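Here is the structure we will look at, set down as structure tokens.
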Amino acid sequence: MPSASIMKVDEKTRLQPVPLLDLKAQYTAIREEVRAAIDRVADSQRFILGPEVEALEQEVADYSQCAFAIGVSSGSDALLVALMATDLKPDDEVITTPYTFFATSGAIARLGAKPVFVDIDPLTFNIDPNKIEVAITDRTRAIMPVHLYGQIAEMDAIMEIANRHKLYVIEDAAQAIGAEYHGRRAGSIGHLGTFSFYPSKNLGAFGDGGMVTTNDSELADRIRLLRNHGETPKYYSRVIGGNFRLDAIQAAVLRVKAKYLDQWTEGRQRNAALYRELFAEAELAIRPESLSYLQSDVNSNGAAFALREMRGVVLPAEAANRRHVYNQFVIRNGQRDALMAFLKERKIRTEIYYPVPAHLQECFVDAGGKVGDFPISECAAEETLALPIYPELTEDMLSTVVSAIADFHHGENFR
């Protein structure tokens, strides 16, 4: 492991911009391969589904240790069509987490079903399996765990609960392609897995794209049917589906990028390790066990302010027997908004994933969600900040980020 040090940062390096993501740097390295792949599709004039999509489906199925993979139009549509494949009905319930991107709960609600939220594990940010069973009713149809930030949820416990109650499990693995849980890949453990190829993902297309994985041949056939208006043969619709097809250009680009995915993942993991080294050297790494609310439920109104007086950050937790692929590197900080503004002044870009938990979103106001319902999720929404983690970052850039955070905590900005 290469060594890094914030002490090595000179003034010129300290002031260099650090983007949250630099897709141009990625593209530069594979430009000719990508252009050749796009030309191949253009020469064929086969733009919707076809051999490029079929080849990508087989490659993703193999990579994800699944029997089947079905290409779809986006990660959001992957969630939607996966739910449709379970024959989800209006007023059915799907248990999921409020602390994730809106598409998860939005897909449930679009089908007239009810997202039933349970709170998250305070260290991994993934759904807390200990809180699932109490949320199950006679209307519960499925559990939808989210493998947030690139780390798989506690799937053995989730599958045990689901099997006992005869529920579907749909893995929202939008951020977790290649992540592992006890040697099993994301998307291969539940009944269905869903992936996003949004450009910023670890495996990103040149637009929208998604994939559904499964080991169940009947579910695979149903998803293929649903993604193309329920047609078989053409113009004969057996069920009401939608236009959820993946286009061939996106598939061709993804096939090029997929060859480099493990290399890029190793780069993200290397950067995560360097961050840990740098934060430890700067004495800015706060141990989670020093904060009681990261070990158990916070109080009912969601107020957890212990970090506000502490100089430093809580680093991402890596659970045992996982392969964390670091779609994001998310820290906790008690003065998150002030820190984000300070870093922006230094031309260091960061992002908040996610500032408003799903139960507090305006569109769900009629469902009666209120502050304090899911306090650990609400606390995470107030404290978390994603730092740059993409594989093309240099050691100097990582040192610049940590040096700036050290300056914040030891300067007049810290309150």
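The values are calculated or read from the model by the stated rules, or taken from the named source; none is laboratory data. Just so it is clear, the structure is predicted and the values come from calculations on it, not from any experiment. A quick note on method: Cβ atoms are made from the backbone with ideal geometry, for glycine too, and the neighbour counts reach across all protein chains shown.
Points worth noting:
- Counted residues, region 72-126 - those being assigned to a loop (DSSP other than H, G, I, E, B) and either over 20 Å from the mean Cα position of the chain (by Cα) or among the small types (G, A, S) (or both): 12
- Applying a threshold of 9 Å to beta carbon distances and a minimum spacing of six or more residues, or different chains, the list of pairs starting in region 242-262 at a residue that is of a type in the set (F, W, Y) and ending at one that is surrounded by 16 or more Cβ atoms within 10 Å (Cβ to Cβ) and assigned to a helix (DSSP H, G or I) reads F244/D77; F244/A78; F244/L80; F244/V81; F244/I223; F244/L226; Y260/Q26.
- Any hit, region 377-392, residues being under 22 Å from the mean Cα position of the chain (by Cα), more than 30 Å from M155 (Cβ to Cβ) and either in contact (Cβ under 8 Å) with a residue 60 or more places away in the chain or buried (at least 17 other Cβ atoms within 10 Å of the Cβ) (or both): yes
- Within region 278-332, the set of residues being assigned to a helix (DSSP H, G or I) and at pLDDT 95 or above comprises L278, F279, A280, E281.
- One residue stands out in region 397-415 among those that are farther than 19 Å from D22 by Cβ and part of a helix (DSSP H, G or I): the one that is modelled with the lowest pLDDT, namely H409.
- Failed condition for G241, given (1) closer than 16 Å to G50 by Cα; (2) surrounded by 18 or more Cβ atoms within 10 Å (Cβ to Cβ); (3) at pLDDT below 95: (1)
- Only one entry of D77, D87, D91, D119 meets the criterion of being in contact (Cβ under 8 Å) with a residue 40 or more places away in the chain and on the phi > 0 side of the Ramachandran plot, and that entry is D91.
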